[in-house]
1. Can you tell me the 0 to 90 degree angle between the C-alpha axis of helix 196-209 and the longest principal axis of the chain, rounded to 10?
2. Among THR421, SER476, ILE508, whose Cα sits farthest toward the positive end of the charge dipole of the range 412-559 (+1 at Cβ of Lys/Arg, -1 at Cβ of Asp/Glu, about the Cα centre)?
3. Just tell me which aspartates and glutamates come within less than 19 Å, Cα to Cα, of LYS543; anything on the same chain fewer than 8 places away is out.
4. What does the charge dipole of the chain about its Cα centre add up to, to the nearest 20 debye, if the Cβ of each Lys and Arg holds +1 and the Cβ of each Asp and Glu holds -1?
5. Kindly express, to the nearest 10 degrees and within the range 0 to 90, the angle between helix 84-97's C-alpha long axis and the longest C-alpha principal axis of the chain.
6. Can you give me the relative contact order of the range 482-630 as a percent, contacts being Cα pairs under 8 Å and 6 or more apart?
7. How big is the antiparallel share of DSSP beta bridges in the range 551-686, given as a percent to the nearest 5?
8. By average Cβ neighbour count within 10 Å, what is the ranking of 20-31, 55-66 from highest down?
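Since every read-out is calculated from the coordinates, none of them should be taken as a lab result. A quick note: this is a predicted structure, and the numbers were derived from the prediction, not measured. Here Cβ is always computed from backbone atoms with ideal geometry, including for glycine, and neighbour counts include all displayed protein chains.
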Amino acid sequence: METLLKTEIRGKTLSIESGKHAKQASGSVVVQYGDTVVLVAAVSSHDERPIDFLPLTVEYQEKGYAAGRIPGNYFRREIGRPSEKETLTARIIDRPIRPLFPKGYRFETQVIATVLSMDKENDPDTLAMIGASAALEISDIPFEGPIACVRVGRIDGQFIINPTVDEYESSDINIIVAGSKTGVVMVEGGGDIVSESDMLEAIFFGHKSMQPIIDMQLKLKETNGVPKRTFIPPQRDEALAEIIESKISSKIYDALAIPEKSKRTAAFRNLKSGLFEELGDAYADQKGEVNGIFNDTLKKISRNIILKERRRIDNRKFDEIRAITCDIDVLPRPHGSALFTRGETQVLGVMTLGSGQDEQRVETLIGEEQRPFMLHYNFPPYSVGEVRRMGGPSRRDIGHGGLSTRAIEKVLPSKEEFDYTIRIVSEVLESNGSSSMGTVCSGILSLMDGGVPIKAPVSGIAMGLVKEGDDVVVLSDILGDEDHTGDMDFKVAGTKDGITALQMDIKIHELSRDIMEKALEQARVGRLFILEKMIEAIKEPRKQISPYAPKIITIKINPDKIREIIGPGGKVIRAIQAETNTRIEIDDLGIVKIAAVSKEEGDAALNMVKEIIVEPEVGKIYEGTVVKIMDFGAFVQILPNVDGLVHISQLAAHRVNKVTDIVKEGDQIKVKVLEISRDGKIRLSYKDALEEEK
């Protein structure tokens, strides 16, 4: 049955339509807000896979036709890897819906969101999230929703729901909030150094505002929903579980006391292999179940240590930060470098400065963007002691890079203050807890080491949560094992004065305001502690950039001279760049930027440009070249592309019968500028120049 439901969000109609499109999918909806339209379809296989995780994939795709654009690549179609925007949006959809599938669901499930129309005002990402929940709700797929999603901004102190793309620029908060009827399930975004209390208000303003969207989905399920397929979670062999727990519980407890991750992991590995040997052939066909019981036992004991014994795996206090060391200027040639180590997480940040031509150009539905700041996150397998095939950045890598970018970009200087393109590369050398926040810290240190005048240093921290009923523990600076066995991963980055970026994911159904408030405050204290350690290494940005960084020289010229600097087919500007080993950019307003490796090369290019743009002055003497002889005088080039006429009467103090009696083509002579007419004609004198030299 075709159904169209509508509600008003900030004076605009948001609609969800079902029963008309993609009817062979398990569930499908079309979500529209303004003229932005997203189709979302969900399908789940009926064949169970023999794996120990939820086989869920989420795809988000933006079509060029949605904005009336033809893709700019060679093939003129959407091909190849998803864009960064598409990858980040797919992750935003995946993270809040994944915990809402029943435990033990092992049927291949796919959610595909396709942007069909984009009005350049309303971002389709939140609509895709709403559509994913609605499609799953009305399908036969087991799903414990619904959830909804809105973007929250703040302009002039007022919170607004779903700010337009143009309003992003003037908003000091820009976050995406996903939530259920009673709590928050996901937060992603950042702010322009805003307080924890303001960020908390923004999150729950968003949660309150999304309630009509949740109500819509409940109504849609009543009208268009189909019965959920029968799913019986796999029953654990309690007898086997009792045998396994009796054999390994005390050993797991002892292994969890090992502080070093590699040794602790090795102990778990040996325990598991020993368990399989001890169980023998009788349980050879139950290896998957044995492995699951082992992991459940490990998780149970880890959580009990926190909740019952009130201590952590590595015996830290709940709010204690691991040992931190910060090293700067660790590499001789890069323009800025730093090594940030926190416990067993170590990140090398390397910063490079470039010219405007190095800016990243990105094609989006709105148009082409130029990005003067890039942060690239790399997570090699050796950082966690693994062996795997090396390839391009994964979705996780892109997501961590995006979070770190948001954390840092708020404190970067403007182009007017610092006219460089900036690239940071994060090389994760070791990982045991939040390498993304380690990336923020190492990145900021590398910027300061490289002399980039940032507004304020930024640090980041990852928070965890263990919750059983009313017993709640918030953990600062979580380990990888605490992330794996806990209920929350909450990353917060900011300066001493406020938040620049945050990201929250949970494994439970929702989070209350009280818990979020406690986590934010505990994160603030931890973040400031980390910041103090960073400042001990370098208090402020260096006064000078690296001698190996390009030197940027900027001058303003008459726009009429642009054509002369470029030359026919770019011949002149290419010659200058080749001769001086520089890169030159010119905009339509006449701003010329010269990027050079050395000051000498930059000055040489600058002088060559000045020679081209210099204007002749009346009364000044120039050394020029005779370029043409006429009966009435000689034309002399006094500047590049600038000629003047020396009339025959101005060649000598005596009467001259023939011009060639005094000068010939190719002669180098000094001439004085007598007059420049309104139409640009220049009258020169050879005799006056000779007279003044006496």
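1. Value to nearest ten degrees: 70.
2. It is THR421, whose Cα lies furthest towards the positive end.
3. Within the straight-line limit of under 19 Å, LYS543 reaches these aspartates and glutamates: ASP327, ASP329, GLU416, GLU417, ASP419, ASP449.
4. Details: 92 positive and 108 negative charges, 117 e Å.
So the dipole magnitude of the chain works out to roughly 560 debye.
5. Relative to the chain, helix 84-97 is tipped by roughly 20 degrees.
6. Values: 136 pairs, mean separation 25.7, N = 149.
Relative contact order comes out at 17 percent.
7. Numbers: 31 of 33 bridges.
Of the beta bridges lying entirely in the range 551-686, close to 95 percent run antiparallel.
8. Working: 20-31: 20.2, 55-66: 18.5.
The densest-packed peptide leads the list: 20-31, 55-66.
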